[in-house]
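Notes for the one structure printed next.
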């Protein structure tokens, strides 16, 4: 006889066992698979609940050992960012070509949402999860990894994960963007950086600083502001930058959405791009071809990123010696950059 409110034994998952036992799904998975460190009291409680519910623990253990799921998961921090849907589409095309189904989740960078999605993946015996960073503490990510999840980082690494990462060369891309502006004749270049806690923000800022240093140009800290990776953040950052009143003739933005927000705020304040200042973004989302002017930007190759990521889920392949793949980027020069002129945004 099952507990009150429980589901039929044939439909039971480890999520149900976890709910009744008062533990996480990853803990249940570790107990049933006989892996990892779990206290004896917890182990006995989980096994007792599984028996009472009529759940057969060997089923999930065998499934995890065989790695026979034909589904992979993709967890994104912000589905509204147009870079991510293009990446998901490329992943879906590549995964389907190889016989996998893609499950998509948008977490909003919320640890509770991440736990719910990861628990669901365990309950469905989905082993491979593509993630663009996680907000969960490293210890919890390690617990999910021990329970059987394989994390494949895209664009950002996963602390406590399995060590798989596919990323663009963010530092080199930032140097490409900054050098382009320098070669056009710009000397006072502003940078709207991304959130400081994100690795890609740090790498793009580092590339900007290195390009300036290599050209022998001083960096005015007043010309560096930070922003979320959003249009709203870019608009607010532009207003903050303008309020500091340092003269600049160009801006390198840490992503395209920031650049689009800055472009909007500039237009609202009566300034024109590239007549008053040049502007460069990063990512090459489809919207950059439809802004006015069209945005010069650093292009990430999402199709190649997807192919590299899916390689990590091929069960018949030997474990790769190199678990980080860094992909080259390119500069797409469009209408938002030009040489400095007398009309450029020079403030004392």
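Each reported figure results from applying straightforward, stated rules to the coordinates on display, with no laboratory input. Keep in mind that this is a model prediction, so the values were computed, not measured. Here the Cβ positions follow ideal geometry from the backbone for every residue, glycine too, while neighbour counts run over all protein chains shown.
Results, tabulated for the structure shown:
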| quantity | calculated |
| --- | --- |
| Estimated Rh, the range 124-208: Kirkwood, alpha-carbon pairs, angstrom | 14.7 Å |
| Fraction of beta bridges assigned by DSSP in the chain that are antiparallel (%, nearest 5) | 10 percent |
| The chain: calculated mean residue ellipticity at 222 nm from DSSP helix runs of at least 4, using -39500 (n - 2.57) | -13000 deg cm²/dmol |
| Efficiency of FRET between residue 109 and residue 220 - r from beta-carbon atoms, R0 25 angstrom, step 0.05 | 0.20 |
| Tensor-based shape of the range 267-316 (alpha-carbon gyration tensor, a/c under 1.5 rounded, otherwise prolate or oblate) | prolate |
| Nitroxide proxy distance, nm - points 7 Å out along Cα→Cβ at residue 70 and residue 339 | 6.1 nm |
| Spin-label pair residue 138/residue 272, simplified geometry with 7 Å Cα→Cβ offset, distance in nm | 5.3 nm |
| Size-normalised alpha-carbon gyration radius of the chain, reference 2.2 N^0.38 Å | 1.19 |
| Prolate/oblate/rounded label for the range 170-300 (Cα gyration tensor, a/c 1.5) | rounded |
| Ranked 128, 180, criterion: other C-beta atoms within 10 Å, fewest first | 180, 128 |
| Whole-number D in µm²/s for the range 69-162 (Stokes-Einstein; Kirkwood sum over Cα pairs; 37 °C, 0.692 mPa s) | 250 µm²/s |
| Between the range 87-127 and the range 171-250, the alpha-carbon center distance in angstrom | 34 Å |
